[in-house]
Structures are given as C-alpha cells and as structure tokens.
Amino acid sequence: MGPIANNVRAEREARGMTQSELGAAIGLTRQTVAAIEQRHYSPSLEAAFRIARLFETTVDALFQWEE
C-alpha cells in the first residue's frame, strides 16, 4: 500500500500557482507540496482539507485511495 494518489499538481497548475505559493497558502513548505504531488508523502487530513478548500473542491476530488 503506497501513498494516496492525488490531483494536486493538475489543480495547482490550472490556477497558475507555484508549489511555493500553494505551500504558503496552506501552511506547508514547497518541499512538502512537491512530495505530496510526487506521491512520496501522504498529507495529513487537515492539509488535505486545506488544499481542497483553497481549490474550492472536495477532498474526494483531489485524493484517491488506491488499495
């Protein structure tokens, strides 16, 4: 079982945001955002909700559980 799949990069790029800008907006570092996008790190539930709220979408639309 690996990290959670996500659409964070696509959503971020669609809004013309950098990883640093996204990180600053939700209280994470650029490195953490990069790790989430590359599926090297699964975000906390709080971080997932922060990202979804910023992108005006749902956690389900951004993150997928792959068994």
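Only the coordinates and a few stated rules stand behind these numbers; no lab work does. None of these values were measured; they are calculated from a predicted model. As a convention, Cβ positions derive from the backbone with ideal geometry for all residues, glycine included, and neighbour counts pool all protein chains shown.
Miscellaneous remarks
- When residues of region 1-10 are limited to those that are surrounded by 14 or more Cβ atoms within 10 Å (Cβ to Cβ) and closer than 13 Å to Q64 by Cβ, the one nearest to the chain's Cα centre (by Cα): V8
- Subset of region 38-56 that is outside any helix (DSSP H, G or I) and touching a helix residue (DSSP H, G or I) at 6+ places or on another chain (Cβ under 7 Å) - its residue that is nearest to R15 (Cα to Cα): F55
- Residue satisfying all of: in region 1-37; of a type in the set (K, R) and in a helix (DSSP H, G or I); farthest from R53 (Cα to Cα) among these: R30
- Test set (1) buried (at least 17 other Cβ atoms within 10 Å of the Cβ); (2) farther than 18 Å from W65 by Cβ - A24 fails condition number: (1)
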